[in-house]
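The values are calculated or read from the model by the stated rules, or taken from the named source; none is laboratory data. Since this is a predicted model, take the numbers as computed values, not measurements. Cβ placement follows ideal geometry from the backbone for every residue including glycine, while neighbour counts extend to all protein chains displayed.
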Number of protein chains: 4
Amino acid sequence: MTEQNHNQDCGRLIVRGEDRPGIVANVSDVLTEHGANIVSLDQSSSDPAGGRFFQRTVFHLPELSVRLDELSESLEAKLGERLGLEFQLVEAKRQKRVAIFVSRVDHCLLDLLWRQRRGELPMTVSMVVSNHPDLGDEVRQFDIPFFHVPVDKENKAAAEKEQLNLLKGNVDLLVLARYMQIVSGDFLDELGVPVINIHHSFLPAFMGAGPYQRAKDRGVKLVGATAHYVTEDLDEGPIIEQDVIRVSHRESVRDLQRKGADVERLVLSRAVSWHCDDRVIRDGSTTVVF
Amino acid sequence: MTEQNHNQDCGRLIVRGEDRPGIVANVSDVLTEHGANIVSLDQSSSDPAGGRFFQRTVFHLPELSVRLDELSESLEAKLGERLGLEFQLVEAKRQKRVAIFVSRVDHCLLDLLWRQRRGELPMTVSMVVSNHPDLGDEVRQFDIPFFHVPVDKENKAAAEKEQLNLLKGNVDLLVLARYMQIVSGDFLDELGVPVINIHHSFLPAFMGAGPYQRAKDRGVKLVGATAHYVTEDLDEGPIIEQDVIRVSHRESVRDLQRKGADVERLVLSRAVSWHCDDRVIRDGSTTVVF
Amino acid sequence: MTEQNHNQDCGRLIVRGEDRPGIVANVSDVLTEHGANIVSLDQSSSDPAGGRFFQRTVFHLPELSVRLDELSESLEAKLGERLGLEFQLVEAKRQKRVAIFVSRVDHCLLDLLWRQRRGELPMTVSMVVSNHPDLGDEVRQFDIPFFHVPVDKENKAAAEKEQLNLLKGNVDLLVLARYMQIVSGDFLDELGVPVINIHHSFLPAFMGAGPYQRAKDRGVKLVGATAHYVTEDLDEGPIIEQDVIRVSHRESVRDLQRKGADVERLVLSRAVSWHCDDRVIRDGSTTVVF
Amino acid sequence: MTEQNHNQDCGRLIVRGEDRPGIVANVSDVLTEHGANIVSLDQSSSDPAGGRFFQRTVFHLPELSVRLDELSESLEAKLGERLGLEFQLVEAKRQKRVAIFVSRVDHCLLDLLWRQRRGELPMTVSMVVSNHPDLGDEVRQFDIPFFHVPVDKENKAAAEKEQLNLLKGNVDLLVLARYMQIVSGDFLDELGVPVINIHHSFLPAFMGAGPYQRAKDRGVKLVGATAHYVTEDLDEGPIIEQDVIRVSHRESVRDLQRKGADVERLVLSRAVSWHCDDRVIRDGSTTVVF
């Protein structure tokens, strides 16, 4: 997790596919042949006897930018064609461009902006988009563009089109930081970049709306939050991170919301940070987090 | 929580009912009139503006055993008749008699027996009943009676009758310590004492069977356990205690089971301990835990 | 913890002194005689057999403001003179006035200001004072006065005098939100209101400077933070709240600082919130937190 | 963590030394040349720019037992002689032989024995040695030899000699499971295998004796436990694992001991489990835990 300051000439290689003998050695060989030095390596297999294989390798290679293409070609030849593996090759110094969608509740948004300003999040915030105008002044104090795109039942398709016009080509990640609208499957398809949502419950408990009220009614002793990739199935996307906090009968629903808000912003910022460091690999309905 | 050694002449008074002004003062007055000294007092209201009221008072009264009846009469007159409140009056030195139902998995059972022997649990274990004979030797090494009552689809009613014959009049609490059979509503009615179950998930997530496999499939980042009172609605009873432990993609279902087992035994032992200290008050579908 | 919205005509009574029979009943009686209704009551004794006694009672009394004096007189007569107890009587609607001292690191300061703005902290922030000018703009965006009082070895006494001129009579609490200067015993005496500090370690481990580096060197697996009342003995004051977060060999000292920063702001905001709700009672070198 | 069931023909290779380019690739190459398949690989560097390097590789190699020597020779040639690295090569199916030292307090001992019996700990318990006879019956019920070696001021050297006679050549690890005697530096030197101790506090807070009483006096809000390798400097050895649990003013010293006991046995069992899986690598005064 100390990579941010050492990003010059650092690359990240994510490899995934069907597990088989020799993948680690093959990856090492290609990198070594090109003069790269492995800085860190995480690897996992869903089942030692032939499951899915995942590897994240951070390496250092002088003049990486100009040598990226030839390295990519070698990887394609040795990993892609010969071993049938997928891979992504990323320059660590190139920060991901992120858009944030928000409604009126500000704690997750502000926490992301504040951490980004402190240098804790390796990302560029390209814009904040909201269906309400309330948070515009706050956002612009961070010198970040704010766009107000009202959404209601009648104009939903038009609003999504307007959002897509803002986003397309401009961002590598969309974060829903307590955005109280459902985004459509068409929107996700059209957007074509990952979308991370923060859900204010410990999924799969209390899926859907009003989780804190339902937690109070059910008398649970812990409330939590879940950051997950957004898929067409609401609240069913692959989970990136979760956490909980203890509550008791003494606390009202509003108290649960407040305690939960602290968990939400921690969980969301961790998930965004890990995603921006290419630590999260989707594996069907779950994730591998290195 | 330091009461166990100071139980001689100590009493516990649990009061519950509709909230109204003056309850705390009324309880204090009755106790003071009888010469009792309040050692500790916990009180809670579901809503400051007229909800349900709960109070647990621990008091010291010399020669409590012989003066219990007259105190009870005063409480009935002042709290019951005049204020419409329910109350329970308990001598702290009288430990609850507990039966434990278990199947083949031993970690929750052994943890309870071992804590009881160390003096950590203020209870007497009257018997252990199992639908399998496997754990008999283990239990009898603790000098506790073990009864094997086989249960299958055909004999379920007869088996429950045999269980009731063993339990009725002999126990104040039944603990299901990973007992893999559903107990019927008739059994609960007939038994007439509280029943605590340990469920191997963070309810209401993963209700029903196979929670660790489902947790693995869903990719959750925490697994947990829930101790709750048993009602006719499976896994829906009032929750007493819950806790969780962090897991990752590296762990198999069996690893989740092992980590979860540590949470299960901690959560169950806390719930049983609190119940035996009269700290848990049922409030509809939830609980107040003082 | 739901009191903030119900503060009109609500009072808090803190009672402390040598434990003896009948205190709870006496407190209840005085309140009842004056027409007050007890909303919640917490009580604790350092030793059931004659230790120190602490009680926090929240009550509702119509027209509390005009009746506070006569209630106070009765309490003085019955609790103070007759039972030798100390007490404080507080109107819940009167928020504490708080000054915050800060140096250059902003996370604890911003978290307090942001929570206060959201209505999570029942306090008024009267001013922020810093030995550096850096955070002035940030603070003033919250419409809170910011004063820059430089401190160095030569001018320390003069600087403290200037600080006291700003604070005296204007605040009920001083919070050191990562203020990197030691405040003198004379300053504390002269100030005459409680001072809360956040220390960036799990005290008593790593007292003094540079705790994260020392935590890294020692190879601890958890780092933490401690909020405590400030006394003349550095890092020795009564602890209000602590928490920790898990770390590993993978993390650098800077990573520990970042993770620790999240714990610091949570721990400090809890401590300040509890203090402002009169939930924290000092008991020699420790605290009782209701 | 799913290795235990797949141990046939599985090996573990631990490599450590000065970091330099190409280590991962070299290790992969040697393993691949010998026909081994890498099952999992963890790697860490204390500093990306030339610190200490650590790698744990689990691999599968048919007929490992008969091919261990030739693999070891290749590793010595390529890693040892050429790169100046240290390495250990371990057959996973060969469980470590463990001795446990204990005094009178039984919770850590019983937890280890019980987990070992359940198959949770990949070790063989060769013997239990105590300076008191109390726990002999308990231990022998697990079919494990128990030896009583009394220790007092006068006979300490003789007692250590007797202990060494029991241990030497028979064990790969010694666990101090609440053994209330200090072991001498001579004993450690003579024994020549790692020794793990459980300390009943969150080190470095409350080093030495009586930590729970001191935690109570200091008013900390969390108590904890620390498992560490034993060195001549008491309570200063490299930490393997730590954890904490929340406490409050309500709890007596005895309550802290009970809560702490739950943490102690969890922390110790994790540390022993990780050590037996060769997951813990000492790095000066700290550890790397894969």
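Consider C:L222 carefully, then state whether it is hydrophobic (A, V, I, L, M, F, W, C), under 14 Å from C:P211 (Cβ atoms), surrounded by fewer than 22 Cβ atoms within 10 Å (Cβ to Cβ) and at pLDDT 95 or above. Spelling it out, it is not the case that C:L222 is hydrophobic (A, V, I, L, M, F, W, C), under 14 Å from C:P211 (Cβ atoms), surrounded by fewer than 22 Cβ atoms within 10 Å (Cβ to Cβ) and at pLDDT 95 or above. Counting the residues of the stretch C:211-233 that are touching a helix residue (DSSP H, G or I) at 6+ places or on another chain (Cβ under 9 Å), among the small types (G, A, S) and over 16 Å from D:F206 (Cα atoms) gives 2. If you go through the stretch B:195-211 one residue at a time, do you hit one that is farther than 27 Å from A:T286 by Cβ and either acidic (D, E) or within 14 Å of chain A (Cβ to nearest Cβ) (or both)? No; the residues of the stretch B:195-211 include none that is farther than 27 Å from A:T286 by Cβ and either acidic (D, E) or within 14 Å of chain A (Cβ to nearest Cβ) (or both). Figure legend. Inter-residue proximity from the stretch C:69-95: first residues among the hydrophobic types (A, V, I, L, M, F, W, C), second residues assigned to a helix (DSSP H, G or I), beta-carbon distance below 6 Å, spacing 6+ or different chains. Indicated pairs: C:L75/C:V30; C:L85/C:L79; C:F87/C:L75; C:F87/C:L79; C:L89/C:S72. Would you tally the residues in the stretch C:225-249 being buried (at least 17 other Cβ atoms within 10 Å of the Cβ) and within 15 Å of D:K216 (Cα to Cα)? Result for the stretch C:225-249: 6. In contact with a Leu (Cβ under 8 Å, 6 or more places away or on another chain) and either in the same structural domain as C:S103 (by TED's automatic domain parsing) or surrounded by 18 or more Cβ atoms within 10 Å (Cβ to Cβ) (or both): is that true of C:V171 in this structure? No; evaluated as a whole, the condition is false for this residue. Residues to consider are A:A215, A:A261; find the one that is touching a residue at least 60 places away in the same chain (Cβ under 8 Å), in a helix (DSSP H, G or I) and in the same structural domain as A:E120 (by TED's automatic domain parsing). Just a single option satisfies the conditions, and that option is A:A261.
Every residue, every condition in (1) modelled with pLDDT of 95 or more; (2) of a type in the set (A, V, I, L, M); (3) under 20 Å from C:V102 (Cβ atoms), yes or no:
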site	(1), (2), (3)
C:M207	no, yes, no
C:G210	no, no, yes
C:H228	yes, no, yes
C:T231	yes, no, no
C:E251	no, no, no
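Close contacts from the stretch A:1-12, counting a first residue that is modelled with pLDDT under 85 and a second that is part of a strand (DSSP E or B) and buried (at least 19 other Cβ atoms within 10 Å of the Cβ), with Cβ to Cβ under 7 Å and a gap of 6+ residues or different chains, come to A:E3/A:C10; A:E3/A:V58.
Of all residues in the stretch A:203-238, those satisfying the criterion of being more than 19 Å from B:E236 (Cα to Cα) and touching a Ser or Thr at 6+ places or on another chain (Cβ under 6 Å) are A:G237, A:P238. Contact map, the stretch C:31-54: residues that are free of Cβ contacts under 8 Å to residues at least 24 places away in the same chain paired with residues that are among the basic types (K, R) and surrounded by 20 or more Cβ atoms within 10 Å (Cβ to Cβ), Cβ distance under 8 Å, separation 6+ or inter-chain. Pairs shown: C:L41/C:R56; C:Q43/C:R56.
Sort out which residues of the stretch A:69-98 are acidic (D, E) and in contact with a strand residue (DSSP E or B) (Cβ under 9 Å, 6 or more places away or on another chain), and write them in order of number.
First, the residues of the stretch A:69-98 that are acidic (D, E): A:69-70, A:73, A:76, A:81, A:86, A:91.
The answer is A:E76, A:E86, A:E91.
Annotation note: Cβ proximity below 6 Å between a residue of the stretch B:109-125 that is within 13 Å of chain D (Cβ to nearest Cβ) and closer than 15 Å to B:G136 by Cα and a residue that is part of a loop (DSSP other than H, G, I, E, B) and not hydroxyl-bearing (S, T, Y) (sequence gap 6+ or interchain) occurs for B:L109/B:A177; B:L113/B:F142. Every test in (1) surrounded by 18 or more Cβ atoms within 10 Å (Cβ to Cβ); (2) at negative phi is passed by D:R178 save one, and that test is (2).
Kindly evaluate D:V58 against the criterion of being farther than 24 Å from D:N26 by Cβ, of a type outside the set (S, T, Y) and buried (at least 21 other Cβ atoms within 10 Å of the Cβ). Steps first, answer last, please.
Working: farther than 24 Å from D:N26 by Cβ: no; of a type outside the set (S, T, Y): yes; buried (at least 21 other Cβ atoms within 10 Å of the Cβ): yes.
In short, no.
Being of a type in the set (S, T, N, Q) and in contact (Cβ under 8 Å) with a residue 60 or more places away in the chain: is that true of A:N170 here?
Spelling it out, A:N170 is indeed of a type in the set (S, T, N, Q) and in contact (Cβ under 8 Å) with a residue 60 or more places away in the chain.
Does the stretch C:239-288 hold any residues that are within 9 Å of chain D (Cβ to nearest Cβ) and in contact with a helix residue (DSSP H, G or I) (Cβ under 6 Å, 6 or more places away or on another chain), and which are they? Selection gives C:I240, C:E241, C:D243. Each residue in the stretch A:34-54 was checked for being closer than 22 Å to D:V27 by Cα, touching a strand residue (DSSP E or B) at 6+ places or on another chain (Cβ under 6 Å), surrounded by fewer than 20 Cβ atoms within 10 Å (Cβ to Cβ) and more than 8 Å from every other protein chain (Cβ to nearest Cβ), and 0 of them qualify.
Being within 19 Å of the chain's Cα centre (by Cα) and closer than 30 Å to D:Y179 by Cα is a condition met by at least one residue of the stretch D:2-12. Being surrounded by fewer than 18 Cβ atoms within 10 Å (Cβ to Cβ) and free of Cβ contacts under 8 Å to residues at least 40 places away in the same chain is the requirement here; does D:P145 meet it? So D:P145 fits the description; yes. Residues in the stretch A:271-290 that are in contact (Cβ under 8 Å) with a residue 60 or more places away in the chain and part of a helix (DSSP H, G or I): A:A271, A:V272, A:S273, A:H275, A:C276.
Considering each of A:V183, A:V220 in turn, give the residue that is in a loop (DSSP other than H, G, I, E, B) and more than 10 Å from every other protein chain (Cβ to nearest Cβ).
Values: A:V220 fails: more than 10 Å from every other protein chain (Cβ to nearest Cβ).
Unique residue meeting the criteria: A:V183.
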